[in-house]
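Here's the structure we're looking at; comments come further down.
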Amino acid sequence: MLPVEQSCYWLASRQGYSPSTPLSEKVDVDYAVVGGGFTGLWTALFLKQLEPGAHVVVTESSVAGYGASGRNAGIVSNSIDHSHALAISHFGKTEAERLAKIGMQNISEMEEFAVDCDFERTGQLQVALKPGHLEDCKHNLEVANDIGLSGYRMLTQEEMQAEVNSPLYLGGLFVPGGGILNPIKLVDRIVSEMKKLGVVLYENTRVRQLGDGLLHCERGEIRAKKIIMATDAYTHHLLPELLWRFIPLYDYILVSDPLTAEQKEQIRWHHRQGMVDGRTFFNYYRLTADDRILWGTSEAVYYPPNKVDASCDHSEHHYRTLRESFAKHFPYLSGIQFPYGWGGPIASTTRLTPFFGTLNGGSVIYGLGYTGHGIGTTRLAGKIMAHLALSKESELLSLKMVTDKPFPYPPEPIRGMSVAAVTRSLQKVDAGENPNILLRLLDKMGIGFSS
C-alpha cells in the first residue's frame, strides 16, 4: 500500500509546503517543544504571544502535521469531552457548564484564526440508526438545555432524511457550534503564524533521548530551560512512565472521488454538516471542500504492545468494513470509488479527555490523550502548557482535566486482553445486545474505550 503521505487525502493534497531545515548543531533555547502537530504548534505560538522575547523551537520527527493532526477527519466538535453528558459524568455539572462555555469560545477564536483553512461552521448531526439512539439524542438535548446551551434541535425521520438521504436514518439531533475544516491547512496556518513571531521549526528531526534539560537529536542537541512534550500517541517512545495513563489506538478513514452533480442531488447534504451515528463504534463522516465524502470508523484498533509506527498505517479489514457500511448507508452511491485510505494514531484515556502534568521538577511539561477529539481541544492544551511553562496564571489551569489524572490502564499482557474483551463486548452492544457485566462495571467506574 502507498505510504501515508500519498494515501491520506489531506497530506497528499497539501499545497505549497516546504519543510523546514533539520537541526544539525547544538543550540541553547528557552523553550523546546517536541512534536509538530496541533498541540506543539499551538503551544509554541502561545509561548511567543505570551513572552515575545523567548527563544522557542519546535522539533518534529517528520513534517508538521504528519501524525494525528494531519490524518483526522477535520470535524470540529463543540464539546471538549465526547459529549456534555460525559463531561457531567466525569467532572460534575458545574465543571461541565464551564467546559461547554470554554469550548464554544475556543471554537469561535479558532474560526477567526483559521482563515483559508476551509472552516465551515456547519454544526453536527447526530444520527439515530436504532430507536435507542433516538432516546440518546433526546437525552443529549436535555443535557444541553440543562447546562445552558441553545440551538440543539431534534429531527424527525423525515427531517433527517431531508438533510442527508439514507434509508437507515430514523431521526437525529442537530448540534450547533462545531463545524468542518481542512486540518492540514490549519497546521500550515499555525506554522506560518508562529514563524512570523520568531519560532524556529526543525522538521525531520527525531529526538532520540530526553535528558536533564537536554534533547538528544539525530544530528544535534537542544538545551532548554523548559521542555514541552506534545507527542500524544507517541509519548511513550520518550516518556514510558506515562504509558499507564493512556493507550495508543488507530482509527481508519476512507475518502471518495468527488461527487458528481447527480450524486450530490441524490445525497442532498446541502448544509454540509459533520455527522456521527449513535453506536458505540460509530461512523463519522463529512464532505470535503471539493465534495468528496470522508468516511471513518471509531472502531479503534490496539496493536500490542503499544505499537505506533508506519506498520499500523493501513488495515485492509477496516477499509473493507468501511466500504460495506458506506454501501448500507447510501446504496445509490454503491459504485463510488475511494482512492484514499489511511490510519492515524490517537491517545485514548479512560475518561476520554486529555491530561497534563510536569516531570523533572517542572522542567518537562506534557499534555496528551485527546481520544479522537483533538482539533479544538489541542488549542486549549497549547494555552494550558504555555501557561504552565511560563508559570503564568490562567483560569484553564484550574480545570479538573488539568488538575486530576485519569484512571490508569493496566500494563501488558493484561492490557491487550482487556482491550480485546471490551471490544468484543461493545460490538455485541452495537449488534443489539444489552451491556454485559464488564461494560456495566466500567461504566460505573467512569471508564471509556473508544475514539
Hey, how many Å between the Cα centroid of the stretch 71-117 and the Cα centroid of the stretch 245-272? 22
Which residues does a label at Thr260 reach in the stretch 320-347, if reach means a backbone N under 14 Å from a point 7 Å past the Cα toward the Cβ? 332-337
With +1 on the Cβ of every Lys and Arg and -1 on the Cβ of every Asp and Glu, and nothing else charged, how large is the dipole of the chain about its Cα centre, in debye rounded to the nearest 20? 620
Arranged from highest to lowest average of other beta-carbon atoms within 10 Å per residue, in what order do the peptides 257-265, 346-354 appear? 346-354, 257-265
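Counting DSSP beta bridges in the chain, what percent are antiparallel, to the nearest 5?
Values: 45 of 67 bridges.
Of all bridge pairs located within the chain, approximately 65 percent are antiparallel.
Residue separation times 0.36 nm, minus the C-alpha to C-alpha distance between Leu50 and Ser311: what's the value? Walk me through the numbers before you get to the answer.
Working: separation 261, 0.36 × 261 = 93.96 nm, distance 3.95 nm.
Between Leu50 and Ser311, full extension yields 90.0 nm more.
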Which angle from 0 to 90°, rounded to the nearest 10, does the C-alpha axis of helix 183-196 make with the longest principal axis of the chain? 30
Please give the helix 131-146 orientation as an angle from the longest Cα principal axis of the chain, in degrees from 0 to 90, rounded to the nearest 10. 50
Show which lysines lie in cross-link reach of Lys392 when reach means a straight Cα distance below 17 angstrom and same-chain residues fewer than eight apart are skipped. Lys48, Lys225, Lys226, Lys383
May I ask for the net charge around Ala389, where only other residues with Cβ less than 14 Å from the Cβ of Ala389 are counted and Lys, Arg are +1 while Asp, Glu are -1? +2
Estimated [θ] at 222 nm from DSSP helical runs (n ≥ 4, -39500 (n - 2.57)) normalised by residues in the chain, nearest 500: -10500 deg cm²/dmol
For the chain, longest principal axis from Cα atoms; helix 374-390 axis from its Cα atoms; angle between them, nearest 10 degrees, is 20
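FYI, it's all coordinate maths here, none of it is from the lab. Predicted model, so just to flag it, every value in this text is computed and none were measured. Because the Cβ atoms are built from the backbone with ideal geometry, glycine has one as well, and the counts that use them run over all protein chains shown.
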